[in-house]
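Asks: Let me begin by handing over the structure; questions about it come next.
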Amino acid sequence: MSIVNLLRIAWQALRRNITRSILTMLGIIIGVGAVITSMAIGAGAQAAVLAQIESLGANLVVVIPGAITSGGVSLGTGSRTTLKLPDVDAIASTVPDVAGAAPYSQTSAQVVAGGMNWYTVIGGTTPSYTGVRSWSVAQGRFFTSAEVDQAAKVAVLGNTVQQNLFPEGGAVGSIVIIKNVPFRVVGVLAPKGQSGFGRDQDDTVMVPITTLLDRLTGQTWVQNFFVSAVTPEAVPAVVDATERLLRLRHHLTVAQPDDFTIRNIADVQQVRLATSQTQALLLAGIAVVSLVVGGIGIMNIMLVSVTERTREIGLRMAVGARGRDILLQFLVEALTLACLGGLIGIAIGVGTAQGSSALGHWPVIVSPFSILLGFLSSLLVGVVFGFYPAQRAAALDPIVALRYE
């Protein structure tokens, strides 16, 4: 029997009980839709984490102060005041495989420009910060090493601050007031977006680190260092060399613990990447369960169909149909159900993924692979769960089938 005839017979059989056919396909539809949606959400989450790693720098290392323990009570990481500006200069000049190092301290303040004001983070650093953090300047320029040495009153605005203080533009060359100190705006940073912890990185104002310490905070220590290795592979060696250098500079004995903490940002983000992959696998597992349930539904309905059409099967065999023809007939019916369910599931899965992205502001990536996988999964379910009913139909005795009531 030709494939065209098999498809025509299968279509006629499914149309006779269209409601039952739709209900049978429902499990496949839900399963395929869940496969595509889960893979889209998982791929979007992984892409977002990788983008965050790129924005931070895959070879970035952060040095933060250690914790002070007073009266048996730890004041937490960052409570020590042992990191100094000469430390970061020593790291940049003596540690092998360091591409750059920049100090960073911050405070919060109201920034005033004309009739506008905005409460934001004031960060202090050096010109190497743009290279270490892979952060370019969109307008104007960053402050220079000479301005850092002079503790100059110059500022570079983040994109969010620039939009709120200068909605009409013209930020570069303007004056902003920070804690009653006038600063001349020399540049605007390029948009960077949210950090891995959901903070708006563009909501900041950068000033020379010396200006921040001398004029805005009065501190003599630095809150952390950003250190960039030449390659991601060099990060472990940079971490080890930086640790040894800081222990030496801080005159720590073998028995004394570190008074600082070194964190590899890529490692932290890789943990988040692994977590998102695990979540995607869990969602995919649920989708597989839905497909199996849909397959069982196909098997049940096909078995019912074989029972209902026993006399039809016997008649076909009596006029010359072979067991192989009957097998193919019912197998094609099962595959038709699975294919239709798979196509509808693909449409629903893509729509659900896009809807989740629009409503929940989640990153999703619907890949051709996920669509192909969803469709092939539906075909596999049709073959696996449709084969037994088809084989059972093919094994019927024509005489018994013709006498079946």
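Asks: Can you find, within the stretch 363-405, the residue that is surrounded by the fewest Cβ atoms within 10 Å (Cβ to Cβ) among those that are at pLDDT 70 or above and not in a helix (DSSP H, G or I)?
Replies: Of everything passing the filter in the stretch 363-405, A395 is surrounded by the fewest Cβ atoms within 10 Å (Cβ to Cβ).
Asks: Could you tell me which numbered condition V88 fails, if it satisfies all but one of (1) more than 11 Å from T204 (Cβ to Cβ); (2) surrounded by fewer than 21 Cβ atoms within 10 Å (Cβ to Cβ)?
Replies: (2)
Asks: Another question about this same structure. Any residue at all in the stretch 29-42 that's modelled with pLDDT of 75 or more and touching a strand residue (DSSP E or B) at 6+ places or on another chain (Cβ under 9 Å)?
Replies: No, there is no match, as no residue in the stretch 29-42 is modelled with pLDDT of 75 or more and touching a strand residue (DSSP E or B) at 6+ places or on another chain (Cβ under 9 Å).
Asks: Here is a follow-up. Tell me yes or no: at least one residue of the stretch 205-216 is out of contact with any Gly (no Cβ under 8 Å at 6 or more places or on another chain) and surrounded by fewer than 20 Cβ atoms within 10 Å (Cβ to Cβ).
Replies: yes
Asks: Any idea which of G218, G158, G187, G131 is within 24 Å of V88 (Cβ to Cβ) and in contact with a Leu (Cβ under 6 Å, 6 or more places away or on another chain)?
Replies: It is G158.
Asks: Yes or no: the stretch 132-140 includes at least one residue that is under 30 Å from A241 (Cβ atoms), in the same structural domain as R244 (by TED's automatic domain parsing) and exposed (fewer than 14 other Cβ atoms within 10 Å of the Cβ).
Replies: The answer is yes, given that some residue of the stretch 132-140 is under 30 Å from A241 (Cβ atoms), in the same structural domain as R244 (by TED's automatic domain parsing) and exposed (fewer than 14 other Cβ atoms within 10 Å of the Cβ).
Asks: Does V235 fit the bill of being closer than 14 Å to V63 by Cα, touching a residue at least 60 places away in the same chain (Cβ under 8 Å) and under 26 Å from the mean Cα position of the chain (by Cα)?
Replies: Yes, satisfied.
Results for (1) modelled with pLDDT under 90; (2) more than 29 Å from I177 (Cα to Cα); (3) surrounded by fewer than 22 Cβ atoms within 10 Å (Cβ to Cβ), shown as yes or no for each residue.
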site: T94; (1), (2), (3): no, yes, yes
site: P103; (1), (2), (3): no, no, no
site: A109; (1), (2), (3): no, no, yes
site: I122; (1), (2), (3): no, no, no
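Asks: Let me ask something else about it. Go through the stretch 96-128 residue by residue and tally those that are in contact with a strand residue (DSSP E or B) (Cβ under 8 Å, 6 or more places away or on another chain) and within 25 Å of L248 (Cβ to Cβ).
Replies: 12
The values are calculated or read from the model by the stated rules, or taken from the named source; none is laboratory data. Remember, it's a predicted structure, so these values are computed and weren't measured experimentally. Glycine gets a Cβ as well: all are built from the backbone with ideal geometry, and neighbour counts include every protein chain shown.
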